[in-house]
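Notes for the one structure printed next.
What follows is calculated from the coordinates using simple rules that are stated; it is not laboratory data. Values in this document were obtained by computation on a predicted structure and should not be read as measured data. No Cβ is skipped: glycine too gets one built from the backbone with ideal geometry, and neighbour counts run over all protein chains shown.
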Amino acid sequence: MLKPDAVRRDLIGIILSRFEDTGLNMEAMRRLNVSSEQSRELYKEHEGKPFYVNLIDYIHSGPVVATVWSGPSAVSIARKLIGATDPAEAAPGTIRGDFGLLLDENVIHGSDSVASAEREIPIFFPDIS
């Protein structure tokens, strides 16, 4: 999911092209404003943590672009492409290393496992099973 700062900064095309360049296949894409129900479900593992309220406020601060990608080793390829959560620690050449500005605004969310993807995809794409 391209977060509000990526959308505001017009980074959608360049970031999506990086995924395409890896050979992954885009299965779905949707631009939307994240609802309270969607954000609570997406970030439920962070509820109660000190950064939770800021995380929820941020994801509601503007539209996002949610995507679904497929291909061999899609999750591990995407995680390498995305880079470390903190842009200051993300390697150059990764999405967060090249475009992330702040830990709280790190341009992109990606599922960290197949199980997470299976949980997260229906939040934004209930028509995909």
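For E89 and I128, the FRET efficiency from 1/(1 + (r/R0)^6), where r spans their Cβ atoms and R0 equals 41 Å, is about 0.80. Dipole magnitude for segment 9-81: about 120 debye, using +1 per Lys or Arg Cβ and -1 per Asp or Glu Cβ, origin at the Cα centre. Once you order the gyration tensor axes a ≥ b ≥ c over the Cα atoms, which shape class does segment 31-73 get: rounded for a/c under 1.5, otherwise prolate or oblate by comparing a/b with b/c? Because a/c hits 1.5 or more and a/b fails to exceed b/c, segment 31-73 counts as oblate.
Here the Gaussian network model covers the chain, with springs between Cα atoms less than 10 Å apart; of V65, V75, V114, V114 fluctuates the most. Over the chain, Cα pairs under 8 Å with separation of 6+ residues give a relative contact order of 31 percent. Given +1 at the Cβ of Lys and Arg, -1 at the Cβ of Asp and Glu and no other charges, the dipole of the chain around its Cα centre is 100 debye to the nearest 20. Scanning the chain for long hydrophobic helices, with DSSP H runs required to stretch 20 angstrom or more by C-alpha along their axis and to average at least -1.0 on the Kyte-Doolittle scale, returns nothing.
Only helices enter the 222 nm calculation for the chain: every DSSP H run of n ≥ 4 contributes -39,500 (n - 2.57), and dividing by all residues gives -11500 deg cm²/dmol, rounded to 500.
Counting neighbouring beta carbons within 10 Å and listing from fewest to most, the residues D98, D86, D21 come out as D21, D86, D98.
Classified by the C-alpha gyration tensor, segment 73-129 has a prolate form. Its axis ratio a/c, with a ≥ b ≥ c, is 1.5 or above, and a/b is larger than b/c.
Extents of the chain, taken as max minus min of Cα coordinates on every principal axis and listed largest first, are 36, 36, 25 Å. Checking every one of the trypsin sites (Lys or Arg not before Pro) in segment 1-41 against DSSP loop status and a limit of 16 other Cβ atoms within 10 Å picks out R9.
Which longest uninterrupted range of the chain lacks any GluC sites (Glu not before Pro) assigned by DSSP to a loop state (not H, G, I, E or B) and surrounded by at most 14 other Cβ atoms within 10 Å? By the stated rule (loop sites, at most 14 other Cβ atoms within 10 Å), 1-46. In a DSSP loop and with at most 15 other Cβ atoms within 10 Å, the chymotrypsin sites (Phe, Trp or Tyr not before Pro) in segment 35-104 are F51.
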